[in-house]
1. Once both labels are modelled 7 Å past Cα along the beta-carbon direction, what's the residue 426-residue 255 spacing in nm?
2. Starting from 0.36 nm per residue, how many nanometres of slack lie between residue 222 and residue 273 once their C-alpha separation is accounted for?
3. Could you work out how far apart the two model spin labels at residue 101 and residue 178 are, taking each label as a point 7 Å from the Cα in the direction of the beta carbon, and quote it in nm?
4. Among rounded, prolate and oblate, which fits the range 168-251 when a ≥ b ≥ c are the square roots of the eigenvalues of its C-alpha gyration tensor, a/c under 1.5 means rounded, and a/b larger than b/c means prolate?
5. Output ³J(HN,Hα) for the range 421-429: one whole-Hz value per residue in order, computed from phi by the Karplus curve 6.51 cos²θ - 1.76 cosθ + 1.60 with θ = phi - 60°, and x for Gly and Pro.
6. What nm distance separates the two modelled labels at residue 288 and residue 374, each placed 7 Å from Cα along Cα→Cβ?
7. Quick one: Karplus J couplings for the range 191-197, per residue in order, coefficients 6.51, -1.76, 1.60, θ = phi - 60°, nearest Hz, x for Gly and Pro?
8. Between residue 245 and residue 141, what's the calculated FRET efficiency when r is the beta-carbon distance and R0 is 30 Å? Round to 0.05.
Amino acid sequence: SIRNIDDGTFIHPHTNPLYESMLNSYHDDDDEIMNTHYHIWVDQDYIQFHKNITVHWSSSNRSSNDDDEDKHHRIAKEVNNLIRDDDMIALYCPANETNPTNFWEAATVKQARSSNSTMNGDNNDGASWYIPSFPIIREETCSFRLLRGHPPTTSSSSNHDVEQTNSNVMKVLARSNTIQVVNSLSTPTGIHLALSEYTDEMRVHFATGQKGIPIVQFGEATTTEDFVSSGIRTAQGRSHSYTASDLCMAPANESGVGKFVSPGSLHVVTLNNLVEDTMYAYRVGVVHDVNATTDSFFDFIHRTNHTYDGGSNNDRFNDDNVVWSEIYTFRSALPPATAPSDQHSPYSFIVYGDQGCPSNGWGDGSTRTQRWVQREVLNNHPSSTIVQAIHHVGDLSYAMGAAHVWDAWLAMIQPVTARVPLMVSVGNHEYDHTNGGGGGVDP
């Protein structure tokens, strides 16, 4: 997330003025100066979702591959007027992206320094950008580019100045090393539970970048350590997805930075024949199959029969062909009362709404709410006073058409929603468009 340099608040993707200037510029590699006077590099060659990463830049003539132990301090001193506050750093995925307007994120050097100062405290040398959580990007490689905007040049005539070009020119000053995004297509993300109409079921939702057969391994277990020794069962589910054309109005159905991003394959697996009011442990993954099909989004949600097959131990689902999530625990639903005199343990649930997340321009309010909910859930999990459900009454992520915000919001709430079922209502900010949506058509 990019912060406003004036007040430190997050900038919503739809209001970042840098995007428009970059999209309306002609990009060109300046071979004469690229990798000679300017350098940009990342502190690691491999990255996983949500791990921290630091981007460094320098305007010296020395190699960025220098192994000098004092390189970090030397570079800070060597950043001089050759690198300007309004120079830009852009993230491209895949690393060899040839269309310069297909960047994932961009910030000026001044914005990067401001974000670094806010996120990394005093560890700000003025020549680096600390990114505390690498976003969910379903590409296998990424790289950063250092760019500079050049305004149109003019030439003088006897009567007036004549503009020699009609568009800005964006020069690529340097390219970073290529970053391998580890298991970017097969890592389960956005894991969240949901109740069904039956008390002996639990639905598990998650996403991956590849199609495949979604599976969940689960068994009775009080803790994650008990999972391996429990009687493990395997349940298989189905997948669906949607495209920009499934959404009704702009900006949700528009392509481009800060707008529509493919959600990947969205998986749902129903665990059935559960013992009511019992602790279970589980993990999720996808068996990748080139012949697997992905249902259209609206065909899926309107289908009346949502029955999924369960199963027993199955040795072919092993670590060699599945990238598993970490192991989570949950408590199954309470049995229904059959008479007014029935006595059950207290039932605790949390209700809240209007959350958002930093990636949509919101600041600490969204993360503070998440911390409070997480405290209530984890401090009582899996005791007898366990929180057994969360009802979010609407206005979830405030993505408002910026599709990547949904990934960020689901990642933020996953520590809770992978353990406690999340039931949601549709708020007005789930209408991912600024106009339209009439005639009963929702995005």
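1. Taking the simple label geometry, residue 426 and residue 255 are separated by 2.7 nm.
2. Details: separation 51, 0.36 × 51 = 18.36 nm, distance 1.77 nm.
Length gained between residue 222 and residue 273: 16.6 nm.
3. With each label point 7 Å from Cα toward Cβ, the separation is 2.6 nm.
4. Values: a/c = 3.39, a/b = 1.72, b/c = 1.97.
Oblate, because a/c is 1.5 or more while a/b does not exceed b/c.
5. Result, rounded to whole Hz: x, 10, 10, 10, 10, 8, x, 5, 7.
6. The answer from the label model is 3.0 nm.
7. Along the range 191-197, the couplings run 6, 8, 9, 8, 6, 10, 7 Hz.
8. On the way: r = 28 Å, r/R0 = 0.92.
So, using R0 = 30 Å, E works out to roughly 0.60.
Readers should treat all values here as calculations from the given coordinates under stated rules, not as data from a laboratory. Please read these numbers as outputs of a predicted model, since none were measured by experiment. Every residue, glycine among them, receives a Cβ derived from its backbone with ideal geometry; neighbour counts consider all protein chains shown.
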